[in-house]
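Presented below is the structure to which this report refers.
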Amino acid sequence: DNMDNLRIGAVGFNDILFPQRLKAVMPPVNMLFWRGTFCVRNRICGVTGKRMISSAEIALISRAAQITARQRIGIADGMALGTDAVFLQSYLRAGGEGAIGVLPCGCNVVYPPDNAFLFDRILYCGGMLISEYFIGSFPERYKFVMRDRIIAGLSDVLLALGMENDSGTKITADFALD
């Protein structure tokens, strides 16, 4: 498989399409690979949270996603199980546009596999999947932290649910505060 066959594009740091707000992220993002419709909205809500969520939290997350979609605010989502998946699915069901799935692997790697339907749904709804990793790159522990800084860098606001010490949610929130 190559990038053309997979319909994956690339945009470099100095390219006019490179998201301006990512230029301040440290360490720098030098290249973004993308799949879908390249679109970075003016207003973006980052989404991060814990994997294990209660039914009450699911209801709260779903409501927040519906409001975000109705306000025509884009989202940057880590595509993880739990909070990320519930928010993304509710956002897209509510007609949300401009969803950005930020991946800790290549744009042709579906991770986590349980969320494969969300990958297809983002693309079907006019959103995009982005990554700083080449096609065929698989997730590794450090790549999740690097993904989190991109979510924070793209976002005007961050919805963070369930911050525990050393969690991805806390790491993303720390990047957002920087």
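Which residue is surrounded by the fewest Cβ atoms within 10 Å (Cβ to Cβ), if the candidates are limited to segment 70-89 and must be of a type in the set (A, V, I, L, M, F, W, C) and closer than 13 Å to F117 by Cα? Can you show your working first?
Of all residues in segment 70-89, those of a type in the set (A, V, I, L, M, F, W, C) come to 73, 75-76, 79-81, 85-88.
Then keep just the ones that are closer than 13 Å to F117 by Cα; that gives 79-81, 85-86, 88.
On the way: M79: 24, A80: 22, L81: 15, A85: 23, V86: 22, L88: 26.
Residue satisfying both the conditions and the ranking: L81.
Starting from residues that are of a type outside the set (A, V, I, L, M) and closer than 13 Å to Q89 by Cα, keep the ones in segment 51-69 and report whichever is most open to solvent (accessible area, probe 1.4 Å). Show your work before the answer.
Filtering segment 51-69 for residues of a type outside the set (A, V, I, L, M) gives 51, 54-55, 57, 62-63, 66, 68.
Among the residues that remain, those that are also closer than 13 Å to Q89 by Cα are: 62-63, 66, 68.
Details: S62: 23, R63: 117, Q66: 62, T68: 18 Å².
Only one residue tops the list, namely R63.
If G101 satisfies all but one of (1) part of a strand (DSSP E or B); (2) on the phi > 0 side of the Ramachandran plot, what's the number of the condition it fails?
(2)
Every residue in segment 51-68 that is under 13 Å from A80 (Cα atoms) and either of a type in the set (V, I, T) or free of Cβ contacts under 8 Å to residues at least 12 places away in the same chain (or both), please.
If we filter segment 51-68 for residues that are under 13 Å from A80 (Cα atoms), which is where we start, we get 51-53.
Answer for segment 51-68, where residues must be under 13 Å from A80 (Cα atoms) and either of a type in the set (V, I, T) or free of Cβ contacts under 8 Å to residues at least 12 places away in the same chain (or both): just I53.
Condition check ((1) assigned to a helix (DSSP H, G or I); (2) out of contact with any Gly (no Cβ under 8 Å at 6 or more places or on another chain); (3) on the phi < 0 side of the Ramachandran plot) across all residues:
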| position | (1), (2), (3) |
| --- | --- |
| M26 | no, yes, yes |
| C45 | no, no, yes |
| M52 | no, no, yes |
| L60 | yes, yes, yes |
| T68 | yes, no, yes |
| A80 | no, no, yes |
| S90 | yes, yes, yes |
| V110 | no, yes, yes |
| F117 | yes, yes, yes |
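Okay, residues lined up against (1) closer than 27 Å to R7 by Cα; (2) touching a residue at least 60 places away in the same chain (Cβ under 8 Å); (3) among the basic types (K, R):
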position: V29; (1), (2), (3): yes, yes, no
position: C39; (1), (2), (3): yes, yes, no
position: R43; (1), (2), (3): yes, yes, yes
position: G49; (1), (2), (3): no, yes, no
position: D77; (1), (2), (3): yes, yes, no
position: G82; (1), (2), (3): no, no, no
position: Q89; (1), (2), (3): yes, no, no
position: G101; (1), (2), (3): yes, no, no
position: D120; (1), (2), (3): yes, no, no
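How many residues does segment 82-132 hold that are among the hydroxyl-bearing types (S, T, Y) and more than 20 Å from E57 (Cβ to Cβ)? Quick ask: steps written out before the conclusion?
Narrowing segment 82-132 to residues among the hydroxyl-bearing types (S, T, Y): 83, 90-91, 111, 124, 131.
Still in the list and also more than 20 Å from E57 (Cβ to Cβ): 111, 124, 131.
Matching residues across segment 82-132 total 3.
Only one residue in G106, G96 is buried (at least 21 other Cβ atoms within 10 Å of the Cβ) and farther than 20 Å from A65 by Cβ, so which one is that? Write out each step before concluding.
Working: G96 fails: farther than 20 Å from A65 by Cβ.
Going through G106, G96 in turn, just one is buried (at least 21 other Cβ atoms within 10 Å of the Cβ) and farther than 20 Å from A65 by Cβ: G106.
Do we have D148 as open to solvent by less than 10 Å² (accessible area, probe 1.4 Å), modelled with pLDDT under 95 and out of contact with any Asp or Glu (no Cβ under 8 Å at 6 or more places or on another chain) here?
yes
Which condition from (1) more than 21 Å from E57 (Cβ to Cβ); (2) at pLDDT below 95; (3) crowded, with 17+ Cβ neighbours inside 10 Å is the one that S155 breaks?
S155 satisfies every listed condition except (1).
For Y133, only one of the following conditions fails: (1) over 19 Å from L154 (Cα atoms); (2) in a loop (DSSP other than H, G, I, E, B); (3) in contact (Cβ under 8 Å) with a residue 24 or more places away in the chain. What is its number?
Among (1) over 19 Å from L154 (Cα atoms); (2) in a loop (DSSP other than H, G, I, E, B); (3) in contact (Cβ under 8 Å) with a residue 24 or more places away in the chain, the lone unmet condition for Y133 is (1).
The values are calculated or read from the model by the stated rules, or taken from the named source; none is laboratory data. None of the values given here were measured: they were computed from a predicted structure. In this analysis, Cβ positions are derived from the backbone assuming ideal geometry, glycine residues included, and neighbour counts consider all displayed protein chains. Just the protein is used for accessible areas: all its heavy atoms, side chains included, with ligands, DNA and RNA removed. Shrake-Rupley method; radii C 1.70, N 1.55, O 1.52, S 1.80 Å.
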